[in-house]
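> First the structure, which I've put down as structure tokens, then a few questions once you've had a look.
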Amino acid sequence: MKNFTLRALTVSILLVTGCSTSKHTAVVTEKPPSTEKLGTPQHVSTAAAAPAAAVVAPGRFDGGKMWTFDNPPMEYFNEAYGFRPDSAWFDKARLGSLRFATYCSASFVSPNGLIATNHHCGRGSVSDVSKKGENLLDNGFYAGHVEDERKVEELFVEQLISIEDVTDQVYAAVKGVFGDEAQSGARRQKADAVEQTMTNKVKATDSTLSVQVIELYNGGQYSAYTFKRYDDVRLVMAPELQIGYFGGDPDNFTYPRFNLDFSLFRAYGEDGLPLKTEKYFPWSVDGVKEGDAVFIVGNPGSTSRLSTVSQLEFERDHSLPAQLGIFTSRSAILKAYIDAHPEEAEEYDLRNTYFSLENSIKAFRGQLSGLKDPYLIARKNGAEQELKRALSATDSLNKLYGSVFNDIATMQKSKQAVAGQSGAFTYFGSEALTSHILLRGLYGYLHDFLKERGAPAERTSSLKKDGLAVDDWPAEIEEQFIAARLSEMKSYLGADHPIVKGILNGSTPDSVAKRVVAGTALKDSTGFAGLLDKGYRSSGDPTVKLINALAPAYLSLGQQLSSFQSTEENLNAKLARARFAIHGRTMPPDATFSPRLADGVVAGYDYNGTRAPAFTTLFGLLDHYYSYKGREEWKLPERWINGAANVDLSTPLNFVSTNDITGGNSGSPVLNRDLELVGLAFDSNVEALPNEYLFLDVSGRTVSVDSRGILEALDDIYDADRLVLELKTGTFYESEEKADEAVMVAH
């Protein structure tokens with residue numbers, strides 16, 4: 001799902017006015033924002049015992065355990081697990097793991113470029129490679145011959161090669177620069193320059209290398225990550241959606257769980273042959289047991305653990321409710337259309353978008369419940385008070401940083417003043433959450449605006465290209481999305497607001513939406529291209545009046561929020577330096593979709609007056625199928641019903657551990673201390689969702705697919721001997737027939 005933010009859509013105009021900015025943390029589009037988080041009431045105290053103004057002492061790992069590879073906690077590992085990994089261990093952990101495109105994690109699991117990730121990470125790729133008349137998402141896919149492995153266009157994986165601290169280089173650009181926007185812009189521009197210079201240097205030796213400068217600790221540190229990209233990635237195996245997403249939305253963020261959430265891909269070299277991968281994670285046939293230490297290497301999307309109490313309160317009272325409202329509204333519209341028009345929905349790939357929205361809705365609700373828990377705020381307040389005391393104890397530090405918390409709190413009041421406008425335009429530039437007709441209209445407005453002001457041709461051409469890349473959508477969805485947006489405008493701004501009165505002019509949102517969709521040429525990219533060539537704003541298209549009313553307010557808000565963001569970025573960076581002065585870098589930075597190593601142990605937990613087991617089995621899978629027989633979410637594919645007699649039903653299928661993960665970690669390898677793959681992380685339980693803000697692992701858990709359950713399914717359900725042998729022995733077989741021969745010989 002594309003996620004064009006308000007700031008991203010205004011960047012073209014900001015370029016013209018000289019106010020351009022760019023972020024150096026990755027935008028994770030798998031499920032905006034992050035989804036697999038850890039946390040609610042994992043404490044003895046109740047909400048009643050911890051009023052909002054209370055202070056609770058912070059814990060050692062409140063900031064989590066998402067360790068960077070250049071600063072692993074060696075002494076802690078030795079203390080907690082009785083072993084001290086050497087540099088070779090960390091090198092293998094880093095090089096065996098992968099970023100899966102821009103939204104997931106993965107890993108090499110054989111010396112032949114075989115890649116393992118989640119089914120939900122590969123869902124879009126499965127749809128992309130489906131040929132006319134096929135429905136691989138529902139029916140599953142297995143390449144019985146190497147020639148059957150299907151290349152996924154535009155899919156890539158990235159391997160972290162090295163990390164270099166470039167903080168001093170970036171901050172050197174701020175010397176002599178005054179003003180929040182100027183300083184923030186100077187840092188970004190310098191980071192861009194460092195990134196480009198380093199990329200040019202590494203590409204001179206290897207064209208597959210590139211450098212990404214990543215902002216850590218809210219701008220307190222900048223690190224240059226060198227990645228090696230593999231662009232030829234092919235689908236090898238994906239189970240049916242019904243088993244890969246078993247339990248559907250009702251089971252999402254829950255446990256006990258029974259889900260075969262895995263898929264297999266293969267990276268190919270420039271010679272067109274399967275890639276030879278020296279660093280990979282051997283597949284464990286023995287798995288793990290409760291109490292075992294496990295390590296997850298992946299790319300967590302985003303967390304807010306370094307946020308102040310005032311920032312979290314703003315998110316609780318304004319940002320999250322607005323986001324939740326948009327997602328809930330759009331998800332309901334998509335669900336109704338999918339149910340009424342299943343074939344058309346498949347043509348537009350609406351199910352994958354709907355699944356992502358539902359995933360985010362649960363995440364938002366869990367995060368919001370955490371922020372409404374007085375204990376969480378009290379514990380965050382405890383850490384804040386502790387840091388304030390430490391700063392005030394030293395005159396020099398107090399002079400430098402003593403006012404930073406108050407300054408950040410004042411910034412939240414400025415944001416509150418425009419919260420109504422922000423709510424009205426929440427996700428207005430998101431392709432998944434806004435009418436594509438309105439989005440095209442906004443692109444048309446920006447295109448004409450830049451052209452009229454003499455912007456370079458390459459700038460307007462680039463904007464036109466991006467606008468034409470917006471997908472077509474059914475008219476029925478367009479009408480409902482436009483009506484929903486206009487209703488939100490009325491709700492947030494008020495019926496008497498000039499924008500609302502100008503748009504509705506006495507009509508209802510539904511009637512305006514119907515009229516616009518019926519008469520616009522923006523329903524498809526061809527019509528849109530024609531209007532761009534003639535001049536969108538002078539075209540007379542019924543969307544023009546609407547966009548002329550909305551775009552100026554939207555862009556003005558964007559510039560105002562950009563100014564707020566620059567100020568807040570500088571304050572956050574200042575706060576980070578204050579923390580460094582007191583604590584050093586003992587706490588890991590917030591997640592940034594960059595490679596991290598998270599430690600934990602396999603462990604069940606207490607919930608609902610009972611005990612959740614560390615493992616679930618294939619017995620439980622069948623029990624759920626028969627217990628919920630007739631419910632779509634717990635249906636099993638025919639091959640599973642027919643083949644159940646052939647499998648060992650006591651085989652572990654899913655397990656839980658105390659590792660620290662978040663959105664972007666989906667597909668991450670779960671490793672034992674020998675760096676054997678024992679599972680694939682795919683979710684967290686609902687108790688873990690508030691760990692967006694504070695890491696607690698009393699009942700918050702990572703949920704993973706067990707390596708043994710995957711092998712059992714490949715062997716006895718899918719009869720995929722070429723993959724079973726490759727995972728067990730590392731031997732590559734070109735065809736299922738040759739693998740079968742090898743099995744016969746072995747027996």
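> Run Phe108 past the list (1) open to solvent by less than 30 Å² (accessible area, probe 1.4 Å); (2) farther than 27 Å from Gly272 by Cβ and report the number of the one that doesn't hold.
Every listed condition holds for Phe108 apart from (2).
> Which residues, taken from the stretch 700-747, are in contact with a Leu (Cβ under 8 Å, 6 or more places away or on another chain), at pLDDT 95 or above and surrounded by fewer than 18 Cβ atoms within 10 Å (Cβ to Cβ)?
The answer is Lys728, Thr731.
> Here is a follow-up. Tell me, please, whether a residue that is out of contact with any helix residue (DSSP H, G or I) (no Cβ under 8 Å at 6 or more places or on another chain) and either over 30 Å from Arg351 (Cα atoms) or surrounded by 22 or more Cβ atoms within 10 Å (Cβ to Cβ) (or both) can be found in the stretch 460-480.
yes
> Let me ask something else about it. Do any strands (runs of 3 or more DSSP E) lying entirely in the stretch 156-268 carry at least 2 residues that are over 22 Å from the mean Cα position of the chain (by Cα), and which ones are they?
Working: elements: 157-165, 209-216, 221-230, 233-238, 263-267.
Correct list: 157-165, 233-238, 263-267.
> What do you reckon, is Leu671 under 22 Å from Phe281 (Cβ atoms) and surrounded by fewer than 24 Cβ atoms within 10 Å (Cβ to Cβ)? If you could, list the steps in order and put the result at the bottom.
Working: under 22 Å from Phe281 (Cβ atoms): yes; surrounded by fewer than 24 Cβ atoms within 10 Å (Cβ to Cβ): no.
Criteria not met by Leu671.
> Let me ask something else about it. Would you point out which residue out of Leu649, Leu653, Leu636 is touching a Leu at 6+ places or on another chain (Cβ under 6 Å), in contact (Cβ under 8 Å) with a residue 60 or more places away in the chain and of a type outside the set (Phe, Trp, Tyr)?
Values: Leu649 fails: in contact (Cβ under 8 Å) with a residue 60 or more places away in the chain; Leu636 fails: touching a Leu at 6+ places or on another chain (Cβ under 6 Å).
Exactly one residue qualifies, and that residue is Leu653.
> Okay, moving on. Could you list, in sequence order, all residues of the stretch 338-371 that are among the aromatic types (Phe, Trp, Tyr) and over 23 Å from Ser666 (Cβ atoms)? Can you show your working first?
Filtering the stretch 338-371 for residues among the aromatic types (Phe, Trp, Tyr) gives 348, 354-355, 364.
Once the filter is applied, which keeps residues that are among the aromatic types (Phe, Trp, Tyr) and over 23 Å from Ser666 (Cβ atoms), the stretch 338-371 yields only Tyr348.
> Does Leu575 satisfy being modelled with pLDDT under 95, aliphatic (A, V, I, L, M) and either assigned to a helix (DSSP H, G or I) or out of contact with any Phe, Trp or Tyr (no Cβ under 9 Å at 6 or more places or on another chain) (or both)?
Values: modelled with pLDDT under 95: no; aliphatic (A, V, I, L, M): yes; either assigned to a helix (DSSP H, G or I) or out of contact with any Phe, Trp or Tyr (no Cβ under 9 Å at 6 or more places or on another chain) (or both): yes.
Judged against the criteria, Leu575 is not a match.
> Residues to consider are Leu622, Leu636; find the one that is surrounded by fewer than 23 Cβ atoms within 10 Å (Cβ to Cβ), more than 27 Å from the chain's Cα centre (by Cα) and part of a loop (DSSP other than H, G, I, E, B).
Values: Leu622 fails: part of a loop (DSSP other than H, G, I, E, B).
Matching residue, one of Leu622, Leu636: Leu636.
> Does Gly630 satisfy the condition of being under 28 Å from Glu358 (Cβ atoms), free of Cβ contacts under 8 Å to residues at least 12 places away in the same chain and either in a loop (DSSP other than H, G, I, E, B) or open to solvent by less than 10 Å² (accessible area, probe 1.4 Å) (or both)? Outline the logic, then answer.
Values: under 28 Å from Glu358 (Cβ atoms): yes; free of Cβ contacts under 8 Å to residues at least 12 places away in the same chain: yes; either in a loop (DSSP other than H, G, I, E, B) or open to solvent by less than 10 Å² (accessible area, probe 1.4 Å) (or both): yes.
In short, yes.
> While we're looking at this one, here's another question. Does any residue in the stretch 436-453 that is of a type in the set (Asp, Glu) come within less than 7 Å, Cβ to Cβ, of a residue that is not in a helix (DSSP H, G or I) six or more places away or on a different chain, and which pairs are these?
Asp448/Gly535
> Of all residues in the stretch 213-244, which are open to solvent by less than 10 Å² (accessible area, probe 1.4 Å) and at positive phi?
Gly219
> Determine, yes or no, whether Ala390 is buried (at least 21 other Cβ atoms within 10 Å of the Cβ), small (Gly, Ala, Ser), out of contact with any strand residue (DSSP E or B) (no Cβ under 7 Å at 6 or more places or on another chain) and closer than 27 Å to Ile582 by Cβ. Don't jump to the end; show me each part of the working.
On the way: buried (at least 21 other Cβ atoms within 10 Å of the Cβ): no; small (Gly, Ala, Ser): yes; out of contact with any strand residue (DSSP E or B) (no Cβ under 7 Å at 6 or more places or on another chain): yes; closer than 27 Å to Ile582 by Cβ: yes.
Taking the combined requirement at face value, the residue does not satisfy it.
> Continuing with this model, one more query. Considering each of Leu357, Leu387, Leu391, Leu400 in turn, give the residue that is assigned to a helix (DSSP H, G or I), under 29 Å from the mean Cα position of the chain (by Cα) and not basic (Lys, Arg). Working first, answer last.
Numbers: Leu387 fails: under 29 Å from the mean Cα position of the chain (by Cα); Leu391 fails: under 29 Å from the mean Cα position of the chain (by Cα); Leu400 fails: under 29 Å from the mean Cα position of the chain (by Cα).
Within the list Leu357, Leu387, Leu391, Leu400, the selection yields Leu357.
> Yes or no: Gly643 open to solvent by 20 Å² or more (accessible area, probe 1.4 Å), more than 20 Å from the chain's Cα centre (by Cα) and among the small types (Gly, Ala, Ser)?
Numbers: open to solvent by 20 Å² or more (accessible area, probe 1.4 Å): no; more than 20 Å from the chain's Cα centre (by Cα): yes; among the small types (Gly, Ala, Ser): yes.
So Gly643 does not fit the description; no.
> Look at the stretch 129-145 and say how many of its residues are part of a helix (DSSP H, G or I) and surrounded by fewer than 18 Cβ atoms within 10 Å (Cβ to Cβ). Spell out the reasoning first.
Looking only at the stretch 129-145, we keep the residues that are part of a helix (DSSP H, G or I), and these are 129, 136-139.
Right, trim to surrounded by fewer than 18 Cβ atoms within 10 Å (Cβ to Cβ) and you get 138-139.
Qualifying residue count, the stretch 129-145: 2.
The values are calculated or read from the model by the stated rules, or taken from the named source; none is laboratory data. What you see is a predicted model, and the numbers here were worked out from it, not measured in a lab. Virtual Cβ from ideal backbone geometry, glycine too; neighbours counted across all protein chains shown. What goes into the accessible areas is simple: the full protein's heavy atoms, side chains included, and nothing from ligands, DNA or RNA. Shrake-Rupley method; radii C 1.70, N 1.55, O 1.52, S 1.80 Å.
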